[in-house]
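Engineer: My structure is below; once you've seen it, I'll send some questions.
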Amino acid sequence: MPAPSALPDFFNQLRPRIAGELRTDAFYRTLYSTDASLYQVMPYGVLLPKTVDDVQAALELAARYRIPIVPRTAGTSLAGQAVNEALVIDFTSHLNRILEVNAEERWVRVQPGVVLDHLNQYLRPFDLQYGPDPASSNRAALGGIVANNATGSHSIVYGMTADHVLETDVILADGTRTRFGFLNPAELDAKHTRGDFEGSLYRKIRATLENPANISAIREGTPRHWRRCGGYNVERLLGDGNFSYRLPQDTR
Ligand SMILES: Cc1cc2nc3c(=O)[nH]c(=O)nc-3n(C[C@H](O)[C@H](O)[C@H](O)COP(=O)(O)OP(=O)(O)OC[C@H]3O[C@@H](n4cnc5c(N)ncnc54)[C@H](O)[C@@H]3O)c2cc1C
(Lines give C-alpha, C1' and ligand atoms only; values in the text may rest on other atoms or scores of the structure.)
Protein backbone atom coordinates (compact mmCIF):
# COMPACT_ATOMS: atom_id res chain seq x y z
CA MET A 1 0.00 0.00 0.00
CA PRO A 2 1.27 3.53 -0.68
CA ALA A 3 2.27 5.47 2.44
CA PRO A 4 -0.41 7.91 3.68
CA SER A 5 0.02 11.34 2.09
CA ALA A 6 -0.12 12.91 5.58
CA LEU A 7 3.05 11.09 6.67
CA PRO A 8 5.50 14.03 6.16
CA ASP A 9 3.17 16.38 8.11
CA PHE A 10 2.82 13.76 10.85
CA PHE A 11 6.59 13.41 11.23
CA ASN A 12 7.12 17.19 11.09
CA GLN A 13 4.58 17.73 13.86
CA LEU A 14 5.89 14.86 15.97
CA ARG A 15 9.62 15.65 15.89
CA PRO A 16 9.55 18.88 17.95
CA ARG A 17 7.17 17.35 20.52
CA ILE A 18 9.34 14.42 21.64
CA ALA A 19 12.37 14.00 23.88
CA GLY A 20 13.23 10.62 22.35
CA GLU A 21 14.29 9.75 18.82
CA LEU A 22 12.25 9.54 15.64
CA ARG A 23 14.05 7.51 12.97
CA THR A 24 12.82 7.43 9.39
CA ASP A 25 16.03 6.33 7.65
CA ALA A 26 16.19 3.10 5.67
CA PHE A 27 18.62 1.50 8.14
CA TYR A 28 16.31 1.79 11.14
CA ARG A 29 13.20 0.95 9.15
CA THR A 30 14.87 -2.22 7.87
CA LEU A 31 15.94 -3.17 11.41
CA TYR A 32 12.33 -2.98 12.55
CA SER A 33 10.84 -4.64 9.47
CA THR A 34 11.14 -8.12 11.00
CA ASP A 35 10.24 -9.83 14.23
CA ALA A 36 10.47 -13.53 15.16
CA SER A 37 7.71 -14.35 12.64
CA LEU A 38 8.14 -15.12 8.96
CA TYR A 39 6.79 -11.70 7.94
CA GLN A 40 8.85 -8.78 6.69
CA VAL A 41 7.05 -5.45 6.45
CA MET A 42 8.79 -2.08 6.19
CA PRO A 43 7.49 0.40 8.81
CA TYR A 44 7.04 4.11 8.01
CA GLY A 45 9.34 5.07 10.85
CA VAL A 46 10.50 4.13 14.33
CA LEU A 47 9.93 6.07 17.54
CA LEU A 48 12.18 5.42 20.55
CA PRO A 49 10.19 7.29 23.20
CA LYS A 50 12.06 8.66 26.21
CA THR A 51 8.94 9.59 28.14
CA VAL A 52 5.29 8.65 28.32
CA ASP A 53 4.57 12.15 26.98
CA ASP A 54 6.43 11.14 23.80
CA VAL A 55 4.10 8.18 23.37
CA GLN A 56 1.06 10.32 24.04
CA ALA A 57 2.18 12.90 21.46
CA ALA A 58 2.66 10.13 18.89
CA LEU A 59 -0.80 8.69 19.51
CA GLU A 60 -2.52 12.06 19.51
CA LEU A 61 -0.94 12.99 16.17
CA ALA A 62 -1.41 9.50 14.74
CA ALA A 63 -5.14 9.84 15.45
CA ARG A 64 -5.24 13.29 13.85
CA TYR A 65 -3.32 12.24 10.71
CA ARG A 66 -4.73 8.69 10.65
CA ILE A 67 -1.32 7.02 10.75
CA PRO A 68 -1.26 3.41 12.01
CA ILE A 69 1.00 2.62 14.96
CA VAL A 70 2.55 -0.61 16.24
CA PRO A 71 3.81 -0.71 19.83
CA ARG A 72 6.78 -3.05 20.15
CA THR A 73 9.04 -4.44 22.85
CA ALA A 74 11.40 -7.34 22.05
CA GLY A 75 9.79 -8.34 18.75
CA THR A 76 9.80 -12.05 19.66
CA SER A 77 6.19 -12.50 18.53
CA LEU A 78 5.68 -15.38 16.17
CA ALA A 79 2.62 -14.21 14.23
CA GLY A 80 3.69 -10.80 12.89
CA GLN A 81 2.22 -8.71 15.73
CA ALA A 82 5.31 -6.49 15.95
CA VAL A 83 5.65 -5.50 12.27
CA ASN A 84 3.44 -3.44 9.99
CA GLU A 85 3.21 -0.45 7.68
CA ALA A 86 3.03 1.89 10.62
CA LEU A 87 5.01 3.98 13.06
CA VAL A 88 6.69 1.39 15.27
CA ILE A 89 7.04 2.54 18.90
CA ASP A 90 9.84 0.64 20.64
CA PHE A 91 9.53 0.82 24.43
CA THR A 92 12.72 -1.08 25.28
CA SER A 93 15.32 1.68 24.84
CA HIS A 94 14.11 4.03 27.57
CA LEU A 95 10.76 3.03 29.08
CA ASN A 96 12.29 0.00 30.77
CA ARG A 97 12.24 0.76 34.49
CA ILE A 98 10.83 -1.11 37.47
CA LEU A 99 8.89 1.65 39.21
CA GLU A 100 7.61 0.18 42.47
CA VAL A 101 7.52 -3.11 44.37
CA ASN A 102 5.09 -3.89 47.16
CA ALA A 103 6.42 -7.14 48.60
CA GLU A 104 3.72 -7.39 51.24
CA GLU A 105 0.87 -7.17 48.73
CA ARG A 106 2.96 -9.00 46.13
CA TRP A 107 2.68 -6.59 43.24
CA VAL A 108 5.09 -4.65 41.10
CA ARG A 109 4.62 -1.64 38.83
CA VAL A 110 6.77 -1.63 35.70
CA GLN A 111 7.23 0.19 32.44
CA PRO A 112 6.52 -1.85 29.30
CA GLY A 113 10.16 -2.24 28.26
CA VAL A 114 11.22 -4.29 31.32
CA VAL A 115 12.58 -7.69 30.23
CA LEU A 116 10.95 -10.52 32.18
CA ASP A 117 14.20 -12.18 33.31
CA HIS A 118 15.46 -8.82 34.61
CA LEU A 119 12.25 -8.39 36.56
CA ASN A 120 12.54 -11.83 38.13
CA GLN A 121 16.20 -11.22 39.01
CA TYR A 122 15.15 -8.00 40.71
CA LEU A 123 12.33 -9.74 42.60
CA ARG A 124 14.42 -12.67 43.86
CA PRO A 125 15.58 -10.97 47.11
CA PHE A 126 11.91 -10.36 47.93
CA ASP A 127 11.27 -14.10 47.48
CA LEU A 128 8.90 -13.24 44.64
CA GLN A 129 8.70 -13.97 40.94
CA TYR A 130 6.37 -13.15 38.09
CA GLY A 131 4.66 -16.50 37.42
CA PRO A 132 3.89 -16.92 33.69
CA ASP A 133 7.17 -17.97 32.08
CA PRO A 134 7.30 -17.68 28.27
CA ALA A 135 10.39 -19.47 26.93
CA SER A 136 11.51 -16.14 25.42
CA SER A 137 11.80 -14.54 28.89
CA ASN A 138 15.45 -13.51 28.46
CA ARG A 139 14.31 -11.08 25.72
CA ALA A 140 10.53 -10.66 25.96
CA ALA A 141 9.40 -7.55 27.82
CA LEU A 142 6.29 -6.85 29.83
CA GLY A 143 4.56 -4.71 27.17
CA GLY A 144 4.55 -7.60 24.72
CA ILE A 145 3.92 -10.18 27.42
CA VAL A 146 0.77 -8.39 28.54
CA ALA A 147 -0.46 -7.67 24.99
CA ASN A 148 0.12 -11.30 23.92
CA ASN A 149 -1.29 -12.71 27.18
CA ALA A 150 1.86 -14.82 27.30
CA THR A 151 2.48 -17.83 29.47
CA GLY A 152 4.88 -20.75 29.51
CA SER A 153 5.63 -24.28 30.58
CA HIS A 154 4.38 -23.65 34.14
CA SER A 155 1.04 -22.33 32.95
CA ILE A 156 -0.83 -25.03 34.88
CA VAL A 157 0.57 -23.52 38.08
CA TYR A 158 0.61 -19.83 37.19
CA GLY A 159 -2.09 -19.35 34.56
CA MET A 160 -1.91 -16.73 31.84
CA THR A 161 -0.61 -13.18 32.03
CA ALA A 162 -4.22 -11.93 32.12
CA ASP A 163 -4.55 -13.68 35.50
CA HIS A 164 -1.81 -11.47 36.94
CA VAL A 165 -2.39 -7.99 35.57
CA LEU A 166 -4.01 -5.80 38.21
CA GLU A 167 -3.98 -2.47 36.38
CA THR A 168 -2.64 -0.95 33.20
CA ASP A 169 -1.94 2.70 32.50
CA VAL A 170 -2.89 3.12 28.86
CA ILE A 171 -3.03 5.71 26.14
CA LEU A 172 -6.16 5.28 24.07
CA ALA A 173 -6.36 5.55 20.28
CA ASP A 174 -7.37 9.22 20.53
CA GLY A 175 -4.27 10.01 22.59
CA THR A 176 -6.00 10.32 25.97
CA ARG A 177 -4.60 8.59 29.04
CA THR A 178 -6.49 6.37 31.41
CA ARG A 179 -6.10 3.44 33.77
CA PHE A 180 -7.79 0.07 33.31
CA GLY A 181 -8.26 -1.91 36.49
CA PHE A 182 -10.77 -3.01 39.09
CA LEU A 183 -13.87 -0.81 39.28
CA ASN A 184 -16.60 -1.02 41.87
CA PRO A 185 -20.17 -0.77 40.50
CA ALA A 186 -20.41 2.99 41.15
CA GLU A 187 -17.08 3.64 39.42
CA LEU A 188 -18.14 1.46 36.51
CA ASP A 189 -21.41 3.37 36.13
CA ALA A 190 -19.51 6.65 36.19
CA LYS A 191 -17.29 5.42 33.35
CA HIS A 192 -20.37 4.71 31.22
CA THR A 193 -21.69 8.24 31.56
CA ARG A 194 -18.49 9.93 30.40
CA GLY A 195 -18.93 11.84 27.17
CA ASP A 196 -15.44 11.14 25.88
CA PHE A 197 -13.83 8.34 23.87
CA GLU A 198 -13.20 6.27 27.00
CA GLY A 199 -16.90 6.47 27.94
CA SER A 200 -17.85 5.33 24.45
CA LEU A 201 -15.62 2.26 24.86
CA TYR A 202 -17.34 1.27 28.10
CA ARG A 203 -20.78 1.79 26.55
CA LYS A 204 -19.88 -0.32 23.51
CA ILE A 205 -18.53 -3.14 25.67
CA ARG A 206 -21.62 -3.10 27.90
CA ALA A 207 -23.96 -3.07 24.88
CA THR A 208 -22.04 -5.97 23.35
CA LEU A 209 -22.12 -8.00 26.56
CA GLU A 210 -25.79 -7.28 27.30
CA ASN A 211 -26.94 -8.59 23.93
CA PRO A 212 -28.37 -12.11 24.56
CA ALA A 213 -27.18 -13.33 21.14
CA ASN A 214 -23.63 -12.28 22.02
CA ILE A 215 -23.86 -13.85 25.47
CA SER A 216 -24.80 -17.23 24.04
CA ALA A 217 -22.21 -16.91 21.25
CA ILE A 218 -19.53 -16.23 23.88
CA ARG A 219 -20.73 -19.01 26.19
CA GLU A 220 -21.02 -21.57 23.39
CA GLY A 221 -18.16 -20.41 21.18
CA THR A 222 -15.38 -19.99 23.72
CA PRO A 223 -13.11 -23.05 23.51
CA ARG A 224 -13.28 -25.21 26.63
CA HIS A 225 -9.61 -25.02 27.48
CA TRP A 226 -8.08 -22.22 29.45
CA ARG A 227 -4.67 -21.88 27.79
CA ARG A 228 -5.74 -19.69 24.89
CA CYS A 229 -4.35 -16.33 23.91
CA GLY A 230 -6.21 -15.61 20.65
CA GLY A 231 -9.34 -13.47 20.46
CA TYR A 232 -10.45 -10.85 22.94
CA ASN A 233 -11.01 -12.98 26.05
CA VAL A 234 -14.50 -11.50 26.33
CA GLU A 235 -15.67 -14.46 28.40
CA ARG A 236 -13.60 -13.01 31.24
CA LEU A 237 -15.88 -9.99 31.23
CA LEU A 238 -19.01 -12.11 31.16
CA GLY A 239 -18.11 -13.81 34.45
CA ASP A 240 -21.12 -15.43 36.04
CA GLY A 241 -23.58 -13.40 34.02
CA ASN A 242 -23.14 -10.19 35.98
CA PHE A 243 -20.74 -7.80 34.36
CA SER A 244 -17.68 -8.22 36.48
CA TYR A 245 -14.54 -6.40 35.42
CA ARG A 246 -12.64 -7.94 38.33
CA LEU A 247 -9.65 -10.07 37.41
CA PRO A 248 -9.25 -13.48 39.05
CA GLN A 249 -5.99 -12.76 40.89
CA ASP A 250 -7.08 -9.39 42.28
CA THR A 251 -7.62 -10.06 45.96
CA ARG A 252 -7.68 -6.41 47.03
C1 LIG B 1 12.03 -18.82 21.00
C2 LIG B 1 10.66 -18.28 21.36
C3 LIG B 1 9.96 -18.88 22.39
C4 LIG B 1 8.69 -18.41 22.75
N5 LIG B 1 8.02 -19.01 23.78
C6 LIG B 1 6.82 -18.54 24.17
C7 LIG B 1 6.14 -19.14 25.27
O8 LIG B 1 6.62 -20.07 25.92
N9 LIG B 1 4.93 -18.62 25.61
C10 LIG B 1 4.38 -17.56 24.94
O11 LIG B 1 3.29 -17.12 25.32
N12 LIG B 1 5.00 -16.99 23.89
C13 LIG B 1 6.21 -17.44 23.50
N14 LIG B 1 6.86 -16.84 22.44
C15 LIG B 1 6.23 -15.69 21.78
C16 LIG B 1 6.68 -14.33 22.38
O17 LIG B 1 8.02 -14.40 22.76
C18 LIG B 1 5.90 -13.94 23.62
O19 LIG B 1 4.52 -13.86 23.35
C20 LIG B 1 6.37 -12.63 24.27
O21 LIG B 1 5.54 -12.35 25.37
C22 LIG B 1 6.37 -11.43 23.35
O23 LIG B 1 7.06 -10.39 24.00
P24 LIG B 1 7.86 -9.28 23.19
O25 LIG B 1 8.47 -8.35 24.18
O26 LIG B 1 8.78 -9.89 22.22
O27 LIG B 1 6.65 -8.56 22.44
P28 LIG B 1 6.57 -8.04 20.93
O29 LIG B 1 6.72 -9.19 20.00
O30 LIG B 1 7.47 -6.88 20.73
O31 LIG B 1 5.07 -7.52 20.92
C32 LIG B 1 4.01 -8.42 21.14
C33 LIG B 1 2.68 -7.68 21.01
O34 LIG B 1 2.59 -6.76 22.07
C35 LIG B 1 2.28 -5.47 21.57
N36 LIG B 1 2.90 -4.51 22.49
C37 LIG B 1 4.21 -4.42 22.85
N38 LIG B 1 4.40 -3.41 23.71
C39 LIG B 1 3.18 -2.84 23.90
C40 LIG B 1 2.73 -1.73 24.67
N41 LIG B 1 3.57 -1.00 25.43
N42 LIG B 1 1.42 -1.42 24.63
C43 LIG B 1 0.55 -2.14 23.87
N44 LIG B 1 0.92 -3.20 23.11
C45 LIG B 1 2.22 -3.55 23.14
C46 LIG B 1 2.86 -5.47 20.17
O47 LIG B 1 2.22 -4.52 19.33
C48 LIG B 1 2.55 -6.88 19.72
O49 LIG B 1 1.22 -6.97 19.27
C50 LIG B 1 8.11 -17.31 22.05
C51 LIG B 1 8.83 -16.71 21.01
C52 LIG B 1 10.08 -17.19 20.67
C53 LIG B 1 10.83 -16.52 19.55
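The values are calculated or read from the model by the stated rules, or taken from the named source; none is laboratory data. On a predicted model such as this, the values are computed, not experimentally measured, just so you know. With ideal geometry, Cβ positions are generated from the backbone for all residues, glycine too; neighbour counts draw on all protein chains shown. These area figures cover heavy atoms from the full protein model, side chains too; ligands, DNA and RNA do not enter into them. Shrake-Rupley method; radii C 1.70, N 1.55, O 1.52, S 1.80 Å.
Engineer: Sort through Gly175, Gly181, Gly199 and tell me the only one that's touching a His at 6+ places or on another chain (Cβ under 9 Å), open to solvent by less than 80 Å² (accessible area, probe 1.4 Å) and either modelled with pLDDT of 90 or more or of a type in the set (A, V, I, L, M) (or both).
Structural biologist: Matching residue, one of Gly175, Gly181, Gly199: Gly199.
Engineer: Can you go through Ile18, Ile89, Ile69 and tell me which one is under 25 Å from Ala135 (Cα atoms) and open to solvent by less than 60 Å² (accessible area, probe 1.4 Å)?
Structural biologist: Ile89
Engineer: Restricting attention to segment 62-74, and to residues there that are under 25 Å from Arg17 (Cβ atoms) and assigned to a loop (DSSP other than H, G, I, E, B), which single residue is nearest to the ligand (Cβ to nearest atom)?
Structural biologist: The selected residue is Thr73.
Engineer: Give segment 108-163 a look and list any residue that's within 18 Å of the chain's Cα centre (by Cα) and β-branched (Val, Ile, Thr), or say none.
Structural biologist: Within segment 108-163, Val108, Val110, Val114, Val115, Ile145, Val146, Thr151, Thr161 qualify.
Engineer: Here's something else I'd like to know. Go through (1) touching a residue at least 24 places away in the same chain (Cβ under 8 Å); (2) more than 30 Å from Pro2 (Cα to Cα); (3) of a type outside the set (S, T, N, Q); (4) open to solvent by 30 Å² or more (accessible area, probe 1.4 Å) one by one and return the number of the condition Ile145 breaks.
Structural biologist: The single condition Ile145 does not satisfy is (4).
Engineer: What do you reckon, is Leu209 within 16 Å of the ligand (Cβ to nearest atom) and either within 19 Å of the chain's Cα centre (by Cα) or assigned to a helix (DSSP H, G or I) (or both)?
Structural biologist: no
Engineer: Taking Val108, is it crowded, with 16+ Cβ neighbours inside 10 Å, more than 14 Å from Gly144 (Cβ to Cβ), assigned by TED's automatic domain parsing to the domain that holds Ala135 and more than 9 Å from the ligand (Cβ to nearest atom)?
Structural biologist: So Val108 passes the test.
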